[in-house]
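Report on one structure; see the data block that follows.
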Amino acid sequence: MEVINRKARFDYQIIEEYETGIVLTGTEVKSIRSGKVNLKDSYAIIRNGEVYLLNTHISKYDEGNRFNHEETRTRKLLLHRKEIKKIKNKIELEGMTLVPLKLYFKKNKVKILLGLARGKKNYDKRETMKKRDQEREIRKNFKRY
């Protein structure tokens, strides 16, 4: 089970990637296993020396009762203190942002691949679209022969 944030690679230029753990409740893990996750508008912030993930939509678990979770709550990410300091310096000095790229399971633990990213300009996005169309055209022509 893997959820990929495709919009992040289009909107941002990814400089570095970090694999992080995430603090979840039981019903959230069950919803993730059934694929009911959306990373589209989510981002991460550093507050009081800890990293938090905001706006990640994990749908309510169908069989969950009154202990079901809130869908877009703030979730804590697990990183080493040295990594957090390094990321915080880059965010403050270079004006970068933290964007979740992928959510997946690794040895039955939910992991998030965070990207330290710099926003793309409109002309960069157009260039990315142009390159993608050219590659698609090449693959299409290659299949014919």
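The values are calculated or read from the model by the stated rules, or taken from the named source; none is laboratory data. Since we're looking at a predicted model, the values are computed, not measured. Note that we place each Cβ from the backbone using ideal geometry, even for glycine, and neighbour counts take in every protein chain shown.
Take the residues of the range 9-47 that are hydrophobic (A, V, I, L, M, F, W, C) and touching a Pro at 6+ places or on another chain (Cβ under 7 Å): which is farthest from His57 (Cα to Cα)? Break it down stepwise before answering.
So the first thing to find is which residues in the range 9-47 are hydrophobic (A, V, I, L, M, F, W, C), and the list is 10, 14-15, 22-24, 29, 32, 37, 39, 44-46.
Narrowing the set further to residues that are touching a Pro at 6+ places or on another chain (Cβ under 7 Å) leaves 39, 44.
Numbers: Leu39: 7, Ala44: 13 Å.
Ranking the candidates gives Ala44 first.
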Exercise. Could you please give the count of residues in the range 65-81 that are of a type outside the set (Val, Ile, Thr) and surrounded by 12 or more Cβ atoms within 10 Å (Cβ to Cβ)?
Key: 9
Self-check item: Hits in the range 44-59 - residues which are surrounded by fewer than 20 Cβ atoms within 10 Å (Cβ to Cβ), within 17 Å of Thr97 (Cα to Cα) and touching a strand residue (DSSP E or B) at 6+ places or on another chain (Cβ under 9 Å)
Solution: Ile45, Ile46, Glu50, Tyr52, Leu54, Asn55
Practice problem: Could you tell me whether any residue of the range 14-35 is over 15 Å from Pro100 (Cα atoms), of a type in the set (Lys, Arg) and either touching a His at 6+ places or on another chain (Cβ under 8 Å) or surrounded by 13 or more Cβ atoms within 10 Å (Cβ to Cβ) (or both)? | Solution: yes
Quiz item: Which one of these does Glu92 not meet: (1) outside any helix (DSSP H, G or I); (2) more than 20 Å from Lys40 (Cβ to Cβ); (3) at pLDDT below 90; (4) not hydroxyl-bearing (Ser, Thr, Tyr)?
Solution: (1)
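With the structure loaded, tell me whether Ile4 is over 11 Å from the mean Cα position of the chain (by Cα) and either under 18 Å from Leu98 (Cα atoms) or buried (at least 16 other Cβ atoms within 10 Å of the Cβ) (or both) or whether it fails that test.
Values: over 11 Å from the mean Cα position of the chain (by Cα): no; either under 18 Å from Leu98 (Cα atoms) or buried (at least 16 other Cβ atoms within 10 Å of the Cβ) (or both): yes.
Against the criterion (over 11 Å from the mean Cα position of the chain (by Cα) and either under 18 Å from Leu98 (Cα atoms) or buried (at least 16 other Cβ atoms within 10 Å of the Cβ) (or both)), Ile4 does not qualify.
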Quiz item: With respect to the numbered conditions (1) touching a helix residue (DSSP H, G or I) at 6+ places or on another chain (Cβ under 7 Å); (2) exposed (fewer than 12 other Cβ atoms within 10 Å of the Cβ), which one is the sole condition not fulfilled by Asp62?
Solution: (1)
Practice problem: Check off (1) under 23 Å from the mean Cα position of the chain (by Cα); (2) loosely packed, with under 13 Cβ neighbours inside 10 Å; (3) more than 21 Å from Lys7 (Cβ to Cβ) for Lys88 and give me the number that stays unchecked. | Solution: (2)
Quiz prompt | Selection within the range 98-126 - more than 23 Å from Ser42 (Cβ to Cβ) and modelled with pLDDT of 85 or more | solution = Lys107, Arg126
Quiz item: What pairs come up if the first residue lies in the range 18-45 and is aromatic (Phe, Trp, Tyr), the second is surrounded by 19 or more Cβ atoms within 10 Å (Cβ to Cβ), and their beta carbons are under 6 Å apart, counting only those six or more places apart or on different chains?
Solution: Tyr18/Leu114; Tyr43/Val99
